[in-house]
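Asks: Take this structure first; my questions come after.
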């Protein structure tokens, strides 16, 4: 089957159309929204399988990291094709793999930020003048949401310590990146994701970012025995390195919050190499490295 996902930039409307097409092509999946962004854009979610607990994949926390959405959608397409045709993916029987298991994919948790970074002032609406000022006209490097809050600094896990680090680094308010808001979960995108985890039992989470080809798996004093083994398996599959985040990359993130809140495994996968935003032409080779790991992560 020819993929409906091209190796070009996909804006929010394109992503919505792709997800709608999945709903038509694969009637065994569920399409919905976990909430809305600051500007009112839906935060789409794709649910595959029925289970008492789910694995959760989330992408596009940052505007310059929108390639993560493309990779996630490519995986959904290929995995659903394997389920539909009762075939294998990465040597795994898809139907047998999903027996009693479930997967939820949120391909773009920060659609406003992605639209700003991709399309500039035309996507800013009411916030156009503010974002123009905060970005100094360099929209291409915008990572935050529409209010200038970095979603992955806005979760309630070491937030105060991270907030102090932000201020020591000269970050005192909204901007293109790394400002965690005036309090944890101040942003609707953050609330939507934590709300999903509170309403559905999630076995473990994988947050997809770019770039660096590393995997982060630990946080604070929550040492989860099986998490390290899982991370080692993921690293072996991808060839990515296991690392511990430091400085402004430590705390405030989604996987940090999930580990601290639930004491279950959480991972951040930094896909690809280069300078963000990674060129969309890199998506196929990035996906090739990640495909097996994305299948294995559902099984673990």
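Asks: Determine which single condition residue 284 fails, assuming it passes every other condition in (1) at pLDDT below 95; (2) surrounded by fewer than 23 Cβ atoms within 10 Å (Cβ to Cβ); (3) within 18 Å of the chain's Cα centre (by Cα).
Replies: Looking at each condition in turn, residue 284 falls short on (1).
Asks: Within the stretch 144-175, restricting attention to residues that are without any contact (Cβ under 8 Å) to a residue 60 or more places away in the chain and part of a loop (DSSP other than H, G, I, E, B), which residue is surrounded by the most Cβ atoms within 10 Å (Cβ to Cβ)?
Replies: Top of the filtered list is 149.
Asks: Quick one: is residue 255 under 23 Å from residue 245 (Cβ atoms) and crowded, with 19+ Cβ neighbours inside 10 Å?
Replies: yes
Asks: Count, please, the residues in the stretch 260-272 that happen to be in contact with a helix residue (DSSP H, G or I) (Cβ under 8 Å, 6 or more places away or on another chain) and closer than 15 Å to residue 226 by Cβ.
Replies: First, the residues of the stretch 260-272 that are in contact with a helix residue (DSSP H, G or I) (Cβ under 8 Å, 6 or more places away or on another chain): 261-262, 264-269, 271-272.
Those left that are additionally closer than 15 Å to residue 226 by Cβ: 262, 264-267.
The total comes to 5.
Asks: Which is over 22 Å from the mean Cα position of the chain (by Cα) and either assigned to a loop (DSSP other than H, G, I, E, B) or at pLDDT 95 or above (or both), of 83, 72?
Replies: 83
Asks: Still on this structure, please answer the following. Do we find a residue being closer than 23 Å to residue 159 by Cα, part of a helix (DSSP H, G or I) and more than 19 Å from the chain's Cα centre (by Cα) anywhere in the stretch 241-259?
Replies: yes
Asks: Given (1) buried (at least 17 other Cβ atoms within 10 Å of the Cβ); (2) in a helix (DSSP H, G or I); (3) modelled with pLDDT under 95, identify the lone condition not met by residue 297.
Replies: (3)
Asks: How many of the residues in the stretch 134-143 are in contact with a helix residue (DSSP H, G or I) (Cβ under 8 Å, 6 or more places away or on another chain) and assigned to a helix (DSSP H, G or I)? Give the derivation first.
Replies: Filtering the stretch 134-143 for residues in contact with a helix residue (DSSP H, G or I) (Cβ under 8 Å, 6 or more places away or on another chain) gives 135, 139-143.
From what's left, assigned to a helix (DSSP H, G or I): 135, 139-141.
The qualifying residues number 4.
Asks: While we're here: Here are 183, 178: which of them is surrounded by fewer than 22 Cβ atoms within 10 Å (Cβ to Cβ) and at positive phi?
Replies: Only one candidate qualifies: 178.
Asks: How many of the residues in the stretch 8-45 are part of a loop (DSSP other than H, G, I, E, B) and surrounded by 14 or more Cβ atoms within 10 Å (Cβ to Cβ)?
Replies: The number of residues fulfilling the criteria is 8.
Asks: Filter the stretch 86-127 down to residues that are in a helix (DSSP H, G or I), surrounded by 22 or more Cβ atoms within 10 Å (Cβ to Cβ) and out of contact with any strand residue (DSSP E or B) (no Cβ under 8 Å at 6 or more places or on another chain) and give me whichever is modelled with the lowest pLDDT.
Replies: Filtering first and then ranking leaves 123.
Asks: Hey, another quick one. Conditions first: (1) within 21 Å of residue 179 (Cα to Cα); (2) outside any strand (DSSP E or B). Residue 237 passes all but one, so which condition is the exception?
Replies: It is condition (1) that residue 237 fails.
Asks: Can you tell me how many residues within the stretch 74-93 are in contact (Cβ under 8 Å) with a residue 40 or more places away in the chain and in contact with a helix residue (DSSP H, G or I) (Cβ under 6 Å, 6 or more places away or on another chain)?
Replies: 6
The values are calculated or read from the model by the stated rules, or taken from the named source; none is laboratory data. Everything numeric here is computed off the predicted structure, so don't read it as measured data. Counting neighbours? That spans all protein chains shown, and the Cβs are built from the backbone with ideal geometry, glycine included.
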